[in-house]
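The values are calculated or read from the model by the stated rules, or taken from the named source; none is laboratory data. Just so you know, these numbers come straight off a predicted model, no measurement behind them. All Cβ positions, glycine included, derive from the backbone under ideal geometry; neighbour counts span all protein chains shown.
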Amino acid sequence: MTTDKFEIWDVHTHLSGVPGDTPEARLGKLLEYADRLGIARLCVFMGMSWSEDPSPEVMRRDNDDVLRALRRFPDRAFGFVYLNPKHTQASLDELNRCVRDGPMVGVKLWVAQHCNEPTLDPIVARATKLKVPVLQHCWQKITGNLPGESVPKDVAELAVRHPDATIICAHTGGNWERGIRTIRPYPRVYAELCGSDPTAGFTEMAVRELGAQRVLYGSDAGGRSFASQLAKVLGADIPDAAKRLLLAGNLKRILEPILREKGIYL
């Protein structure tokens, strides 16, 4: 199936794992690959190199990498600010710098701390006030998680404390059957499809259990290929109307409030 009849926005990409000596070069390479598949917009976060537990200084450096890349391609990419809840005040300062006072439109949280910890509460509350989504890495590994790595029940606990927050459960928890059922009761928590092999039934189950309005396409490029992750949606046995929501419609709806605040109208 070709992508010609679908608008595609990718909610999950990185500057790491991509050739290039500068942030601008790496985002340029990502967009070169994206253009082959008709992907119109990328959401990008984290810097040229990853840190699982970044200090405030490393957080700022990583976000500066993304800001540089965004300045080069303002019409093709959106940025999410990378934060570490262990450094709550520094994270709030970065959230203000990059989102309130800068061009970024979301929050990215990874594995420094479980997302059900109370240190996240001021960050999620501030993100909600700014009308931006929180994209939380979530994975349940049979080989054992990293010390601060969240699982679906952690996302559920966060959603209970912040019912008005828009939370994106990245990777749908890795173990997607469990992840889908765990987040199902929380209408503002979205399943995001990226980061695993394109297993038959994943997307169909997410749409069936959550509704097409709560599922998002993402790739995890450059850690994963755009093509393998698009296959989860394009090859799914769901109507084209649902595919349009997964590939762009839902993300556009989520981002519309913050984009409007920044004078960007879709």
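Okay, here's what the table says:
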item	result
Residue 220 being acidic (Asp, Glu) and in contact with a Cys (Cβ under 6 Å, 6 or more places away or on another chain)	yes
Residue in segment 86-100 that is touching a residue at least 40 places away in the same chain (Cβ under 8 Å), crowded, with 21+ Cβ neighbours inside 10 Å, touching a helix residue (DSSP H, G or I) at 6+ places or on another chain (Cβ under 8 Å) and more than 18 Å from residue 151 (Cα to Cα) present	yes
Residue match in segment 163-171 (condition: in contact (Cβ under 8 Å) with a residue 40 or more places away in the chain, outside any helix (DSSP H, G or I), among the polar types (S, T, N, Q) and touching a Pro at 6+ places or on another chain (Cβ under 9 Å))	yes
Qualifying residue in segment 182-197 (condition: polar (S, T, N, Q), under 26 Å from residue 225 (Cβ atoms) and at pLDDT 95 or above)	no
Residue within segment 26-39 that is β-branched (Val, Ile, Thr), surrounded by fewer than 20 Cβ atoms within 10 Å (Cβ to Cβ) and in contact with a Ser or Thr (Cβ under 9 Å, 6 or more places away or on another chain) present	no
Residue match in segment 206-225 (condition: touching a Ser or Thr at 6+ places or on another chain (Cβ under 9 Å), over 29 Å from residue 99 (Cα atoms) and not in a loop (DSSP other than H, G, I, E, B))	yes
In segment 152-184, the residues that are in contact with a helix residue (DSSP H, G or I) (Cβ under 9 Å, 6 or more places away or on another chain) and of a type in the set (Val, Ile, Thr)	155, 166, 167, 168, 172, 180, 182, 183
Residue list for segment 128-161, filter: closer than 19 Å to residue 87 by Cα, surrounded by 21 or more Cβ atoms within 10 Å (Cβ to Cβ) and either in contact with a Gly (Cβ under 8 Å, 6 or more places away or on another chain) or at pLDDT below 95 (or both)	134, 135
Filtered residue count, segment 230-245, keeping only those that are in a helix (DSSP H, G or I) and either farther than 17 Å from residue 187 by Cβ or among the β-branched types (Val, Ile, Thr) (or both)	10
Residue list for segment 101-122, filter: without any contact (Cβ under 8 Å) to a residue 60 or more places away in the chain, touching a helix residue (DSSP H, G or I) at 6+ places or on another chain (Cβ under 7 Å), within 17 Å of residue 45 (Cα to Cα) and crowded, with 20+ Cβ neighbours inside 10 Å	104, 107
Residue satisfying all of: in segment 230-266; β-branched (Val, Ile, Thr) and farther than 16 Å from residue 133 by Cβ; surrounded by the most Cβ atoms within 10 Å (Cβ to Cβ) among these	233
Residue check for residue 52: out of contact with any helix residue (DSSP H, G or I) (no Cβ under 6 Å at 6 or more places or on another chain), more than 27 Å from residue 250 (Cβ to Cβ) and either β-branched (Val, Ile, Thr) or in contact (Cβ under 8 Å) with a residue 12 or more places away in the chain (or both)	yes
Residues located in segment 176-192, provided they are in a loop (DSSP other than H, G, I, E, B) and touching a Leu at 6+ places or on another chain (Cβ under 7 Å)	184
